[in-house]
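The values are calculated or read from the model by the stated rules, or taken from the named source; none is laboratory data. Please read these numbers as outputs of a predicted model, since none were measured by experiment. Every residue, glycine among them, receives a Cβ derived from its backbone with ideal geometry; neighbour counts consider all protein chains shown. SASA here: full protein model, heavy atoms, side chains in, ligands and nucleic acids out. Shrake-Rupley method; radii C 1.70, N 1.55, O 1.52, S 1.80 Å.
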Amino acid sequence: MGDLRYNVQNGIVDPTRKGMVLQEFEHFKSIAPKRFLGKLFKKGIVGASNKINDLSGGAIQRAYEADADPNLIDENGVQHMSEKQKSKAKTIALICVICLLPVIMLVGPFLMPIVMFGVIGCFIFYLLSRTPEYKQYNYQQMIAQPALQTIDDKLFMTFMESSADLVNEQMSYDQALVEAHLVKPFGKRCDRTTYSSCTYDWMNRSNPDAFEFMGYKLYDTYQDSDGQSHTVTYFDGTIYKFRTGFNINGDINIMSTQTKKGILGGEKEKNKYKKIKNRDVTIIDTENHEFAENFDTIAAYDQEAYMYLTPVMIETLLELRKRFNFCICIKGDVMTVTIENTGYGSSTQSVFSSHKPAFAPNSAEDELDSMISGYQKAIKSILELRDKLLPGRENAGFTYNSAATGVNNAQPVYNEQPMYNTQPTYNAQPVYNEQSAGMYDANASYNVGAEPMFDPGAVPTYNGESTY
């Protein structure tokens, strides 16, 4: 088990790093704008709750104290709320709001102008409370990424956009996603939003747990003839990249399909991803009717697709299809997965967000613990997805070069057949732009090196004779 897996499964963090991040978080708390409206609202709810408790003769307070958990007393003697107490507190708050609702509705029309002026005033006050130090503060570099690296120092909040992981031609990463049948095709242009990103030891090809993750959106906004604005979304979900531990000569594309009602009723299959240009490429037939209804699979070499789509893998993909609309591209030793509208498990689109909070946290320590816990859960989900799609040799047709490390320094062997006579050669790797502090800049552009060179005339052979 790698260090990263062990750390996330056991909740282990580097205490020294965490202490340094907490100290920095306390500094950020001192310079960030404070939550004044929240405090006022809280005081109002507390005051109303106390009034209701007085009217009940203290019965509510006694019921609340009866649910206290003696195991939740910290070293300072402070009693923390139990789950039952939290539930009752929410119920009391809801009762207070319901009781005040008729009063609000009665005086609402008269208070509306005051509320509007109050909101405008609060916004102006917030803008004025943002100090120059807060405005210039690099939250990602000083807090978000160091918090992530309390888990493992090879984790960074970035993503390598290399078209070489998807296609043989050099093009933009967005267009490569289309060509690899991972997102819906778009026109000449589209806008993009990166919610969050994370990479772990990606350039180390010998690390079987190396991954990259990105919460991503591709869309286009336009105005019609009436001047109304419309947005067309081509992809809004998550992207995962894994090291497979084996190497293939071609590529494999597995695309979720959807059904729609036909003109005369009934069901008609519809693949909403890019239509296949090359009519000589046919859909891989796995002789599994349910799989054929849910996926379209194409490959440069059919045999490579059959080696991956074992009966166990087909069942795994069908189980995932019940929960997600996803596509897979395998090229060289890289598997890229896109999941629409969501992410796998806790690896949601914004889980690694490094946006600077608008307000200071109530407790820097609690906020930091919550951040790290979210990162750990997300990484655990990412590795779980990797294990489902890239199981060991006992469940896959590929023979791995090294079961222990995933090193791919030799050709894969397929069911004890002779090896392929060609292998893609990478003559340069994309490199990250490094910052002086040793941090990666999530907004920096990356210098993508030369694309992998393939011999277009090379055809995989078996026992010395071509099978195609």
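Structural remarks
- Rounded to whole Hz, the Karplus (6.51, -1.76, 1.60) HN-Hα couplings of region 137-151, x for glycine and proline: 5, 8, 5, 5, 6, 8, 10, 4, 5, x, 5, 4, 7, 5, 7
- Between Asn10 and Asn138, the FRET efficiency from the beta-carbon distance, with R0 = 25 Å, is close to 0.20.
- Taken over region 331-387, the alpha-carbon convex hull comes to 109 cubic angstrom per residue.
- Stretchable slack from Ala358 to Ala93, in nm (0.36 nm times residue separation minus alpha-carbon distance): 92.9 nm
- Close amide H contacts of Ser196 (hydrogens built in the peptide plane, cut-off under 5 Å, sequence separation of 5 or more or a different chain): Gly215.
- Distance between the modelled labels on Asp369 and Ser225, one decimal in nanometres: 6.2 nm (7 Å Cα→Cβ projection).
- Computed from the C-beta positions of Lys217 and Ser172, the FRET efficiency with R₀ = 22 Å rounds to 0.90.
- For the pair Leu101 and Arg35, a Förster radius of 30 Å applied to the C-beta separation gives a FRET efficiency near 0.80, rounded to the nearest 0.05.
- Per-peptide average of other Cβ atoms within 10 Å, ordering 323-334, 87-98 highest first: 323-334, 87-98
- Stokes-Einstein diffusion coefficient of region 138-246, Kirkwood radius over Cα pairs, 20 °C, 1.002 mPa s, in µm²/s: 135
- In region 75-222, the portion of solvent-accessible area held by carbon and sulfur atoms comes to 65 percent [1.4 Å probe, whole percent, DNA, RNA and ligands not counted].
- With both labels modelled 7 Å from their Cα along Cα-to-Cβ, the Thr282 to Lys84 distance reads 6.7 nm.
- Taking amide hydrogens as placed 1.01 Å from N in the peptide plane, the amide H of Phe235 sits under 5 Å from those of Leu218, each at least 5 positions away in sequence or on another chain.
- Surface share of carbon and sulfur [accessible, 1.4 angstrom probe, percent] for region 275-357: 47
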